[in-house]
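Q: Okay, here's the structure, questions in a sec.
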Amino acid sequence: MAKSKGSRLNPVSLGIGVFAVAALVLVFVALGNRNAAEPTGALDAGLAHAKTAVPPGELDDYYLFASGGHSGQVYVYGIPSMRRIRTIPVFTPDPVHGWGWDDESREMLGGYTWGDVHHVRLSMTDGEYDGRWLFVNDNANNRVARIDLDTFAPRQILGPLPNTMGPHCAAFITPNSEYLFAPARFSAPIPHGTYASLDEFGDVFWGVLSAVSIESDTGHMDLAWQLKLPPWNWDKGSVGKGESDGWGFVTAYNTEEATTVLEVNASQRDKDYVLAFNWRAAEQAVANGQYEIIDGAKVLDPVKVPGIAFLLPAGKSPHGVDVSPDGRWIVASGKLSPTTTVFDWRKVKEAVEKENFQGYERGLPILSYEDVRVAEVPVGLGPLHTDFDNDGYAYTSLFLESAIVKWKLGTWEVLDKVNIHYNTGHLAVAGGSSMKPYGEWLVTLNKLSKDRFIGVGPSYPENLQLINISGEKMELVADAPSDPEPHYAEIIPARLVNPLEVFPRERNDHPCATWSHADTGIERNGNEVTVRMTAVRSRFTPDIIEVNEGDHVTIHVTNIDQEPDITHGLGISLYDIAIGVDPGQTKTVSFVADKPGVYTFYCTDFWGRRRGLFRQPPPLPAAPLRARPRRHPQRRPLPRPKSSSHPTAHLRWPRRWPRSRTVVRYASARECIKGPSSSTGA
Amino acid sequence: MTLIAETSHNGDGAGSDSVEIVGEGELVIVADGGSLIGVTVRHVGTLVRSDEAAVRLWEHGATVRDNTIMFDTAHGIYVERGGNHVIQNNVIIGRVERGVDDRGNGLFLFDTEGNHIENNRIAHARDGIYLHFVAMDTIVGNDISHSRYGIHSMFSSDIVYETNRLYRNVVGSAFMYSKHMHFVGNVIVDHGGHRGYAILLKDGNRNRLDDNYIVGNNLGLFFDLSDENEIENNIFAANNLAVELFSSSVRNRIIGNSFIGNRIDTLLHVGRHSTVWSTEQAGGNYWDTYRGVDIDGFGFGALPHTSTNPFGFLTRNNPELAAFYLGPAVEALAWAEQAFPLLRVPRVTDERPRVQPDHAALADMRGRLASLIQPLDSSVYAEDFPASAYRRPAGPSFVAALGLLVGGAAMFGPLLRGTRAATSSKG
């Protein structure tokens, strides 16, 4: 049958055409029935993509929490639609939520303007996700943070942690959320601030692991104790669960202890290690006083207190170490290998109990590889991370092959492989890090998108790809762009998370919360000016604030709306202030009124903007007063909100305007201000 | 026990002088003219990943030739920094009964340059030759089999690989972050299974791969994130999939190659492709599935070649579907797809396909395949073999089968094409 492109219609080509149509139908049927295909063809991908459809008005089944890398944020996606639902600012100021401008968040940020979120970890009860909190790390500034999943907002940032530098794989968490762990990827002289030459690397540099305790009721984090580990690069971590409960596992590279030309010298050795540490024993040792205080932290040296830390040899530069849901199999992958290694917890435990060591490195006992390893699973080239589903299957991301491979725990059979685009890093199965995986969906966090989206210039988005793992074969079903750079993600059923619709008034414990217009006002105490303000659709009360240049101004804004989705914002022009107030919430912002003149403030959220008349005041003099002396009204230190029928009725020019004074002028909404007079104003 | 050979340690060339190293020892050659010639070195160790070597080279300019090096958990020869060594005619054999991951590397080159590595026989290693930050080496005529990666190159550049033979490893060769290599005249045969890549390029840029014979592998040549490589005059025969291209790889040039008897010639992932499959001057590739005829007699088909199996992607990981997709339905589908491109599957378009494969190369390839060394008997530890056993040429049956297949395709292809041409001229 010639495939010539003859244009004449003849019986032969007609026959071929009929046959082709029939065959095409067959193929469509085959595609429809086939649960897994390499979605390389656009048709195939299109059919697969249909499975992610969540019609308008309907809701996703799962949340995906993805770390936002050096954006300092956390991204929230819905699965299966892969719609990005929310960006939660954590370590980075974000005017969308006023994060970093109000006093509380500004204090939490501690003067840092960015962070590097590598890992997110959901809180667990009995090894299962409980939907209460999300813990994240800041690899750059040695911090960890807790996001409350009722408000989807950070509630605590702990750190910078002493002695720990670059807690890359924090915050992996114990099965009952007793602790999260934060080991150092960048070893440094301790305490921080100590100068040392790199020649002393082996002597004064340490890779300190922080154990952060979590209060079971409130989620409040505290630095409990630290483990003084060798100056290696502690890369990835997981905790034991089930039969391995009480232990934690961390991979290490650069056991060469190289300090220069790291890409060469930190990967010379053929082996590196997985650290197994008994955190219950460490906890006990600390309780027994077996620690020294360094920079205020209780630091335990596992060389001096045996029985706490052991080394498992692993392939060169191992990346992920992941523990199966039942806690028995510990999977670690040497980055360059075409296999992934599985250790048997029972054998590890036995070797530890029998003290069956093949030697020591930096005083830590090394278990024999052949004693504890049960399988080298031929997953493919460049395995990085493994996650698990609820049917005993494991899924490993293959960096070199740009693929995800599915294999079976126990039999170690490799069952299926699907290509991804491009350069997978971590992958997440729903519930995969807990004792109760949900399976169904897998998301691979790809470092590069290359040609997968319409171009946005030379800086490319990353690519999150959704894979359906509910069938025998994996099926790539969706691409979703992401800002740089998700390193890790966890997936939780939406039903386990119970976000607030509004902030209930009774939960607002802010001392300067103001619930009625009558209680609002502006008070002066010396040069401290406190404004107690309400915001409601579509009004700030008070809506004029007049202060003197140099005053310390504190504004407490209470959003007295109690209906869902009515968030207000308060932006003050040229004062570089933007705060966000959810319904029922009170936020405080304080600043020095150091710019004389007249400035608008307005609601940055939808309501103010919509009532343009409120929000768009008539042109105001932005210049110092002396430019328009005649227009100044009589001085009125604490202007009251106008109860006018016309929204702009209050916008009168002052008759007299002292040049030394700053007027912060509002456009529409009202605000709550707190300040030095809060004690008297409450 | 660690032996430091400050000067030369030379045997009689027949391997009768022997050194046994037990446990953690090494034979260390501190070069500057040092040499190790005609010696049998046997390393007996038990610790996996001990990072020791049977022979370790330091500094510059050692000569290591005509030795038989048997190793287990250690590496065979470990070149640690320095360079300009000559490593020639050695037999480097790992312990066969160990799992492939529990052996050391045959030849481990670390942060070194300017070495000349020729005619070594490496088998039963973890990685046959592992290069880590290596530059300007020549690796010629080596024979690597039954290992994990035959050649494993990380961050290495300006390496010449010539006339090496890689067969029956887990992966033939893998090049990551490796550039400016010249990979020429190598034979890569019989890498099966889902990890059976003959050549894997990941972040491999501006390499030249010429005149290689890539036969009987699961996947012949794989590109991801690899740009501006020149792939010319190679023969891809009897592979499950000859070339797989992610659209993350741009501006590669694939011309003058012969694709013969592959189940799927090319698999292009969805995306924007910029690969050059033919030029006006050099022409394109030979495809045994090409249906056109050479009208003007210059050796190129009058019509472009487009990949005839747009459903290759369906069968890459689902070989059981092949029976359906390779039947006449696919012919019809291909026709229909050409007329009504519904599927938008990216396909190869070769504007100037060759109508003849490179017969001289095919003949040469048959000879090269036939001379492949017999695989080692997997039941016996290498030390029980005299070194000569590894050099005995023999033709395993799979090579014969491949030869038949390739030869047949080359012979009958033109005949079949003639028939088709007659048919189409009638229509």
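The values are calculated or read from the model by the stated rules, or taken from the named source; none is laboratory data. These figures come from a predicted structure and were not determined experimentally. So basically every Cβ, Gly included, is an ideal-geometry build from the backbone, and we count neighbours across all protein chains shown.
Q: Mind listing whichever residues of the range B:147-175 are over 16 Å from B:V134 (Cβ atoms), in a loop (DSSP other than H, G, I, E, B) and not polar (S, T, N, Q)?
A: Residues satisfying the conditions are B:R148, B:R168, B:V170.
Q: Where residues in the range B:176-200 are at the interface with chain A (Cβ under 10 Å from one of its Cβ atoms) and crowded, with 24+ Cβ neighbours inside 10 Å, which of them is farthest from the chain's Cα centre (by Cα)?
A: Selected residue: B:R195.
For every residue, the table says whether it meets (1) over 17 Å from the mean Cα position of the chain (by Cα); (2) among the basic types (K, R); (3) surrounded by fewer than 18 Cβ atoms within 10 Å (Cβ to Cβ).
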residue: A:A53; (1), (2), (3): yes, no, yes
residue: A:G69; (1), (2), (3): no, no, no
residue: A:I85; (1), (2), (3): no, no, yes
residue: A:P93; (1), (2), (3): no, no, no
residue: A:W99; (1), (2), (3): no, no, no
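Q: Being within 12 Å of another protein chain (Cβ to nearest Cβ), of a type in the set (A, V, I, L, M) and farther than 30 Å from B:N218 by Cα is true for just one of A:L336, A:L367. Which residue is that?
A: A:L367
Q: Still on this structure, I have one more. Kindly provide the set of residues from the range A:427-461 that are of a type in the set (F, W, Y) and within 23 Å of the chain's Cα centre (by Cα), ordered by number.
A: If the condition is that a residue be of a type in the set (F, W, Y) and within 23 Å of the chain's Cα centre (by Cα), then A:Y438, A:W441, A:Y460 are the ones that fit.
Q: Sticking with this one: Filter the range B:32-66 down to the residues that are within 13 Å of chain A (Cβ to nearest Cβ), hydrophobic (A, V, I, L, M, F, W, C) and either within 21 Å of B:N115 (Cβ to Cβ) or over 29 Å from the mean Cα position of the chain (by Cα) (or both) and list them by number.
A: Those that are within 13 Å of chain A (Cβ to nearest Cβ), hydrophobic (A, V, I, L, M, F, W, C) and either within 21 Å of B:N115 (Cβ to Cβ) or over 29 Å from the mean Cα position of the chain (by Cα) (or both): B:L47, B:A53.
Q: Continuing with this model, one more query. Taking the residues in the range A:134-150 that are over 23 Å from A:S434 (Cβ atoms) and among the polar types (S, T, N, Q) as candidates, determine which candidate is surrounded by the fewest Cβ atoms within 10 Å (Cβ to Cβ). Show your work before the answer.
A: Going through the range A:134-150, the residues over 23 Å from A:S434 (Cβ atoms) turn out to be A:138-143.
In the following step, the residues that additionally are among the polar types (S, T, N, Q) were identified as A:139, A:141-142.
Values: A:N139: 25, A:N141: 22, A:N142: 25.
Checking each candidate, the answer is A:N141.
Q: Out of the range B:124-149, which residues are among the small types (G, A, S) and out of contact with any Asp or Glu (no Cβ under 8 Å at 6 or more places or on another chain)? Working first, answer last.
A: Looking only at the range B:124-149, we keep the residues that are among the small types (G, A, S), and these are B:125, B:128, B:135, B:141, B:145, B:147.
Passing the criteria: B:A125, B:G128, B:S145.
Q: Can you confirm whether A:A428 is touching a Leu at 6+ places or on another chain (Cβ under 9 Å), part of a strand (DSSP E or B) and among the small types (G, A, S)?
A: yes
Q: Conditions: (1) part of a strand (DSSP E or B); (2) closer than 26 Å to A:W329 by Cβ. A:E283 meets all but one. Number of the miss?
A: Among (1) part of a strand (DSSP E or B); (2) closer than 26 Å to A:W329 by Cβ, the lone unmet condition for A:E283 is (1).
Q: Just give me the residues in the range A:178-206 being in a loop (DSSP other than H, G, I, E, B) and charged (D, E, K, R), in sequence order.
A: A:E178, A:R185
Q: Got at least one residue in the range A:431-440 being in a strand (DSSP E or B) and either free of Cβ contacts under 8 Å to residues at least 40 places away in the same chain or under 24 Å from A:P481 (Cβ atoms) (or both)?
A: Within the range A:431-440, none of the residues are in a strand (DSSP E or B) and either free of Cβ contacts under 8 Å to residues at least 40 places away in the same chain or under 24 Å from A:P481 (Cβ atoms) (or both).
Q: In the range A:474-571, which strands (runs of 3 or more DSSP E) lie fully inside it and hold 2 or more residues that are in contact (Cβ under 8 Å) with a residue 24 or more places away in the chain and within 30 Å of A:H385 (Cα to Cα)?
A: Qualifying strands (runs of 3 or more DSSP E): A:475-482, A:489-493.
Q: Separate question: Go through (1) within 13 Å of the chain's Cα centre (by Cα); (2) surrounded by fewer than 24 Cβ atoms within 10 Å (Cβ to Cβ) one by one and return the number of the condition B:V160 breaks.
A: All conditions are met except number (1).
Q: So, in the range A:383-407, how many residues would count as being within 23 Å of the chain's Cα centre (by Cα) and facing chain B (nearest Cβ under 10 Å)? Full working, then the answer.
A: Keep residues of the range A:383-407 that are within 23 Å of the chain's Cα centre (by Cα), which gives A:384-389, A:395-397, A:399.
Next, from what is left, pick out any that are facing chain B (nearest Cβ under 10 Å): A:399.
Within the range A:383-407, residues that are within 23 Å of the chain's Cα centre (by Cα) and facing chain B (nearest Cβ under 10 Å) number 1.
Q: Further, regarding this structure: Regarding B:E80, is this residue out of contact with any Lys or Arg (no Cβ under 7 Å at 6 or more places or on another chain), acidic (D, E), surrounded by fewer than 24 Cβ atoms within 10 Å (Cβ to Cβ) and within 14 Å of chain A (Cβ to nearest Cβ)? First the steps, then the outcome.
A: Numbers: out of contact with any Lys or Arg (no Cβ under 7 Å at 6 or more places or on another chain): no; acidic (D, E): yes; surrounded by fewer than 24 Cβ atoms within 10 Å (Cβ to Cβ): yes; within 14 Å of chain A (Cβ to nearest Cβ): yes.
Considered against the rule, which asks whether it is out of contact with any Lys or Arg (no Cβ under 7 Å at 6 or more places or on another chain), acidic (D, E), surrounded by fewer than 24 Cβ atoms within 10 Å (Cβ to Cβ) and within 14 Å of chain A (Cβ to nearest Cβ), B:E80 comes out as no.
Q: So which of B:V243, B:V250 ends up being of a type in the set (A, V, I, L, M) and not in a strand (DSSP E or B)?
A: Values: B:V243 fails: not in a strand (DSSP E or B).
Only one candidate passes the filter, namely B:V250.
Q: Taking A:R452 and the conditions (1) within 14 Å of another protein chain (Cβ to nearest Cβ); (2) touching a Leu at 6+ places or on another chain (Cβ under 9 Å); (3) at pLDDT below 95, which numbered condition does it fall short on, given that it satisfies the others?
A: All conditions are met except number (2).
Q: Within the range A:230-252, which residues are surrounded by 23 or more Cβ atoms within 10 Å (Cβ to Cβ), assigned to a strand (DSSP E or B) and in contact with a Phe, Trp or Tyr (Cβ under 7 Å, 6 or more places away or on another chain)?
A: Correct list: A:N233, A:G237, A:S238, A:V239, A:W247, A:G248, A:V250, A:A252.
Q: Looking at (1) farther than 24 Å from A:L227 by Cβ; (2) surrounded by 23 or more Cβ atoms within 10 Å (Cβ to Cβ), find the lone condition where A:F343 falls short.
A: Single failed check for A:F343: (1).
Q: I need the full set of residues from the range A:266-281 which are facing another protein chain (nearest Cβ under 8 Å) and either within 17 Å of A:S187 (Cβ to Cβ) or among the polar types (S, T, N, Q) (or both), in order please.
A: Of all residues in the range A:266-281, those facing another protein chain (nearest Cβ under 8 Å) come to A:267-271.
A:S267, A:Q268, A:R269 - these are the residues of the range A:266-281 that are facing another protein chain (nearest Cβ under 8 Å) and either within 17 Å of A:S187 (Cβ to Cβ) or among the polar types (S, T, N, Q) (or both).
Q: Go through the range A:480-504 and give me each residue that's of a type in the set (D, E, K, R) and buried (at least 20 other Cβ atoms within 10 Å of the Cβ).
A: The answer is A:E490, and nothing else.
Q: Follow-up. Given the criterion without any contact (Cβ under 8 Å) to a residue 40 or more places away in the chain and either touching a His at 6+ places or on another chain (Cβ under 7 Å) or closer than 20 Å to A:R280 by Cα (or both), identify the matching residue among A:K347, A:K335.
A: A:K347
Q: Which condition number in (1) in a strand (DSSP E or B); (2) in contact with a Lys or Arg (Cβ under 8 Å, 6 or more places away or on another chain); (3) without any contact (Cβ under 8 Å) to a residue 60 or more places away in the chain is the one that A:I85 fails?
A: That leaves (2) as the condition not met.
Q: Tell me, please, whether a residue that is within 10 Å of chain A (Cβ to nearest Cβ), closer than 24 Å to B:M136 by Cβ and not in a loop (DSSP other than H, G, I, E, B) can be found in the range B:202-215. Spell out how you get there, then give the answer.
A: Looking only at the range B:202-215, we keep the residues that are within 10 Å of chain A (Cβ to nearest Cβ), and these are B:202-203.
This time we only want the ones that are closer than 24 Å to B:M136 by Cβ, so: B:202-203.
Checking the rest, the ones that are also not in a loop (DSSP other than H, G, I, E, B) come to B:202.
Yes, that holds for at least one residue.
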